[in-house]
Amino acid sequence: MRLAIVGTAQLQSRDLEHGLELGNRSVDILARVQSTRAKDYVLEVQRGPRPWRHEPAVRAFIQRTRHQLGVAAC
């Protein structure tokens, strides 16, 4: 969950690459955990890159979270 929190902070600081990197690492870990709270943190990471929502990396991250964690896209 900590990676998701730091990823969200990076996205809020407009660091798309690092924020998505941390978001993807959090998905790697949280895919093995059944936790609503953890999924909520990933949902926050999804909200961070809204200004870049048309970027391929952002769309890929959202698709990945949807498929691996069942987290709906924002």
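The values are calculated or read from the model by the stated rules, or taken from the named source; none is laboratory data. None of the values given here were measured: they were computed from a predicted structure. All Cβ positions, even for glycine, are placed from backbone atoms using ideal geometry, and neighbour counts span all protein chains on display. The area values use the complete protein model at the heavy-atom level, side chains included, leaving out ligands, DNA and RNA. Shrake-Rupley method; radii C 1.70, N 1.55, O 1.52, S 1.80 Å.
Could you tell me which of rounded, prolate or oblate describes segment 2-46, using a ≥ b ≥ c as the square roots of the eigenvalues of the alpha-carbon gyration tensor, with rounded for a/c under 1.5 and, failing that, prolate when a/b is larger than b/c and oblate otherwise? Here segment 2-46 falls in the prolate category.
Solvent exposure of the chain amounts to 62 Å² per residue of accessible area, where only protein heavy atoms count and the probe is 1.4 Å. For the chain, the 222 nm mean residue ellipticity estimated from helices alone, with every DSSP H stretch of n ≥ 4 adding -39500 (n - 2.57) and the total spread over all residues, rounds to -22500 deg cm²/dmol.
What does the convex hull of the Cα atoms of segment 18-70 come to per residue, in Å³, rounded to a whole number? Write down the numbers at each step before the final one.
On the way: hull volume 3.3 nm³, N = 53.
Spread over its residues, the Cα hull of segment 18-70 gives 62 Å³ apiece.
Which whole-number percent is the relative contact order of the chain (Cα, under 8 Å, 6+ apart)?
Values: 86 pairs, mean separation 24.4, N = 74.
Worked out over the chain, it gives 33 percent.
Working from label points 7 Å from Cα in the Cα-to-Cβ sense, the VAL33 to ARG2 distance is 1.1 nm. The angle between the Cα long axis of helix 56-69 and the longest principal axis of the Cα atoms of the chain comes to about 10 degrees, rounded to the nearest 10.
Within the accessible area of the chain, what % is carbon and sulfur when the probe is 1.4 Å and the other protein chains stay in place? Don't skip to the end; give the middle numbers.
Working: 2260 of 4610 Å².
Here it works out to 49 percent.
In the full protein assembly as shown, how much of ASP15 is accessible to a 1.4 Å probe, in Å² to the nearest 10? Answer for ASP15: close to 60 Å² accessible. For VAL71, the amide hydrogen comes within under 5 Å of the amide hydrogens of ARG66, counting only partners 5 or more places away or on other chains and with H modelled in the peptide plane.
Grab the other residues whose beta carbon is less than 14 angstrom from that of MET1, score K and R as +1, D and E as -1, and report the net. Show your work: numbers first, answer last.
Values: positive: ARG2, ARG25, ARG32, ARG37, LYS39; negative: ASP28, ASP40, GLU44.
Once all neighbours under 14 Å are counted, the net charge is +2.
With a cut-off of at most 12 other beta carbons within 10 Å, and DSSP calling the residue loop, which trypsin sites (Lys or Arg not before Pro) in the chain qualify? Please list them.
Numbers: sites: ARG2, ARG14, ARG25, ARG32, ARG37, LYS39, ARG47, ARG53, ARG59, ARG64, ARG66; in loops: ARG14, ARG32, ARG53.
Passing both the DSSP loop test and the Cβ count: ARG14, ARG32, ARG53.
Between SER13 and ARG66, the modelled label-to-label distance comes to 3.0 nm, taking each label 7 Å out from Cα in the direction of the beta carbon. The length gained by stretching the chain between ARG47 and ARG59 to full extension, at 0.36 nm per residue less their Cα-Cα distance, is 3.1 nm.
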